[in-house]
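Student: Can you keep this structure in mind? I'll have questions shortly.
Any read-out appearing in this document is the output of simple, stated calculations on the displayed coordinates, not a laboratory observation. Quick caveat, the model's predicted, so the values are computed rather than measured. A quick note on method: Cβ atoms are made from the backbone with ideal geometry, for glycine too, and the neighbour counts reach across all protein chains shown.
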Amino acid sequence: MFKFAVLTVSDRCSKGEYEDKSGPAIMGIIKNINGEILRYDIVADAKELIKEKLVEYCDKLQADLVFTTGGTGLGPRDVTPDATVEVAQKTIPGISELIRSEGLKKTKNSALSRGISAIRGNTIIINLPGSPKAVKESLIAILDIIPHALDMLKGMGH
Amino acid sequence: MFKFAVLTVSDRCSKGEYEDKSGPAIMGIIKNINGEILRYDIVADAKELIKEKLVEYCDKLQADLVFTTGGTGLGPRDVTPDATVEVAQKTIPGISELIRSEGLKKTKNSALSRGISAIRGNTIIINLPGSPKAVKESLIAILDIIPHALDMLKGMGH
Amino acid sequence: MFKFAVLTVSDRCSKGEYEDKSGPAIMGIIKNINGEILRYDIVADAKELIKEKLVEYCDKLQADLVFTTGGTGLGPRDVTPDATVEVAQKTIPGISELIRSEGLKKTKNSALSRGISAIRGNTIIINLPGSPKAVKESLIAILDIIPHALDMLKGMGH
């Protein structure tokens, strides 16, 4: 059973002004595929806070896979991909290319999601878009390849 | 009304050996969508010259969107994406992925355009290919998403 | 006639535990298109060894195009793209996007190949996946554009 962590990045959700629907949407899908959820947090759109959580999930909790939601847009406070690249040791461009190309079949605005996918230590980090609808569509696009990705990461997939 | 700047990058056009048709092609399309053109320049394929113009358009003129044309190929003098990344604070990989994947429907050589899309301050910079034909096809591929992109950039799109 | 070098990156093949089938698969296709093969080596999945070979092919042998196979996955020893980016002066994202998007038509796991394409001096370096089957499919996807890419690189393609 793979271990997951979920990080919602949103100024408004972190202040409680808004109910987070995207984090729970991710967790619903993970539970359906029998994944264990180690941790779920909500942080503001602040690079240092995001980096701190990602490092904790990867290094301390040893999550297999971290999903973030939010902060992938073009606004001045949208810094999730930038935080991710700063903690990453490698990137996996094809996962985010696949999320965007599948997303384009629904809406051309999918091209504006700056999400990246990356590796830190024994953990894969995947940035998902912010809306619950886009989160679900993105997850569906990549769900099939996650078991193989995690097997490869552990050196068992070759 | 959004404010645009257009930069043609071409050794031959900058020396007047060749008439620039790509810059005017971009401006024709921008006018059709009711955009204001703040500035149009032609520079040689020299990284420092390109960077200087981009910084001026972003920081001084406060353009909403800068289109470059030319210098995205594989030649030793093709440095537009490299200049762009050096002045950028964030990249928007999906815009250039979309330009290339739409371009592939016309010609496989579209895969060889190294163009990137990026953000500096309050400005989006998008590298378009060099030929007037490829410029038009690229612009048509992304025109729909530009208003939303600019709204997001100004923090109004969420 | 274009000059090629082929680098197989694999711990097991470098120790002779496993016969390399991917390097020969690449060479078979190159010979069919009348290319000259300057060099073919097998190295372990070690970043410094890979970089050393790439630099030799580009700077000393003046290869037009280097194909690597292997080391593009998610395992801790998979470092071919990381070695490539460290010796590269420019990247060509569209070539690897094309390899992956064509690969997706066969298997979704194509999204997990982290391969990049890049330029060092007068040489293009393209990372291909590790399996002979994926190597052939990737090469077929990009073979058409290689002559134009090499002409552009030499400043003759404009």
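Student: Using only Cα positions of region A:2-153, each an equal point scatterer, no hydration layer, compute I(q)/I(0) via Debye at q = 0.09, 0.13, 0.16 Å⁻¹ and quote the log10 values to two decimals.
Tutor: Calculated log10 I(q)/I(0) at the listed q: -0.23, -0.50, -0.78.
Student: With the cut-off at 20 Å, report for region C:29-90 the share of all Cα pairs above it, as a whole percent.
Tutor: Summing the P(r) of region C:29-90 above 20 Å gives 29 percent of all pairs.
Student: Distance check, please: which entries in C:Lys3/C:Lys90; B:Lys53/B:Lys136; B:Lys108/C:Lys105; B:Lys60/B:Lys106; B:Lys53/C:Lys53; B:Lys31/B:Lys51 exceed 27 angstrom between their Cα atoms?
Tutor: Flagged as over cut-off: B:Lys60/B:Lys106; B:Lys53/C:Lys53.
Student: Let me ask something else about it. Using a label point 7 Å beyond Cα on the Cα-Cβ vector, give me the inter-copy distances for A:Arg77 in nanometres, one decimal, shortest first.
Tutor: List, nearest first: 4.7, 4.7 nm.
Student: Considering only the protein assembly as shown, what is the antiparallel percent among its DSSP beta bridges, to the nearest 5?
Tutor: So the antiparallel bridges in the protein assembly as shown amount to around 25 percent.
Student: Going 7 Å from the Cα of A:Lys136 toward and past its Cβ, which residues in region A:17-38 have a backbone nitrogen under 19 Å from where you end up?
Tutor: So the set is A:19-35.
Student: List the distances, in nm and shortest first, from the label point of C:Lys105 to the matching label points in every other copy, placing each point 7 Å from Cα along the Cα-to-Cβ direction.
Tutor: Spacings between copies for this position, smallest first, are 1.5, 1.5 nm.
Student: What nm distances, shortest first, do you get from the label point of B:Glu36 to those in the other copies when the point sits 7 angstrom along Cα to Cβ?
Tutor: 6.0, 6.0
Student: In deg cm²/dmol, rounded to 500, what helix-only [θ] at 222 nm does chain B give when every DSSP H run of at least 4 residues adds -39500 (n - 2.57) and the total is split over its residues?
Tutor: Taken over chain B, the calculation gives -11500 deg cm²/dmol.
Student: Right, something else. Can you compute the modelled spin-label distance between B:Gln62 and C:Tyr18, with each label point 7 Å from Cα toward Cβ, in nm?
Tutor: 5.8
Student: Counting only DSSP beta bridges with both residues in region B:2-153, tell me the antiparallel percent, nearest 5.
Tutor: Counting only bridges with both partners in region B:2-153, antiparallel ones make up about 25 percent.
Student: Another one. If I model a spin label at A:Ile37 and B:Met1 as a point 7 Å from the Cα along the Cα→Cβ vector, what separation in nanometres do I get?
Tutor: Label at A:Ile37, label at B:Met1, 5.0 nm between them.
Student: Stick to Cα atoms and the Kirkwood definition of Rh, then tell me Rg/Rh for the protein assembly as shown.
Tutor: Across the protein assembly as shown, the Cα-based Rg/Rh ratio is 0.97.
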